Structure formats: C-alpha cells, structure tokens
Amino acid sequence: MESLYILVNCDLGSEVDIISELTKIPEVKEVRGTYGIYDIFVKLQADSQSVLETIITHKIRRLAKVRSTVTLTPILSQGGR
C-alpha cells in the first residue's frame, strides 16, 4: 500500500466544500482543515504510486476552487508510524 500526503491551498471560504468533495474519493483516508499557510491536509492511500498520481492530477487538482497543491512523499527508511 502506497501513501502520500497533500497540502492544499484553496479560495477563501471554500474549505468546507472542498473537504466534502475530498471525502467522496475512496483513496482519501484522512482530510482536515488546517491553520497556517495551507488550508487543507489530505492523506491518500492506494495500491500503487501511479494510482495516487492519477487521483492527484485528475481528481484533486481539478476540484473547483483548489488553487495549488504540494505533495509529500514519506521516506519509509526513516521509520516512524
């Protein structure tokens, strides 16, 4: 199972609508509004990296009012939970 984390910037006031749309994507395992530079935090899981890339490109980045995303790929050899 592959995992990624995405930080989302969106139009002011659109966070709740975007979070609602993100929860409809089966590969989204966690989504939270955040304080700070980024508006939304998303955890994705899928069977392969290519599936994750497709979801980011064709589903998340194309949502109305999403301005930008930053994708974080974990370094598995550094441990943690």
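Data overview
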quantity	calculated
Label selected from [x] 1.12; [y] 1.03; [z] 0.96, the criterion being Rg/Rh (Cα atoms, Kirkwood Rh) as computed here	[z]
Local electrostatic count, Leu52, Cβ distance below 13 Å [Lys/Arg +1, Asp/Glu -1]	0
Interchain or long-range residues, amide H under 5 Å from Asp39's placed H	Val8, Asn9, Cys10
Dipole magnitude of the chain, debye to nearest 20 (Cβ charges: Lys/Arg +1, Asp/Glu -1, about Cα centre)	40 debye
Segment 7-81, relative contact order in percent, only Cα pairs under 8 angstrom and at least six apart counted	38 percent
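Quick note: the coordinates plus some simple rules give every number you see, no bench work behind them. As the structure is a computational prediction, the values presented were derived from the model and not from experiment. With ideal geometry, Cβ positions are generated from the backbone for all residues, glycine too; neighbour counts draw on all protein chains shown.
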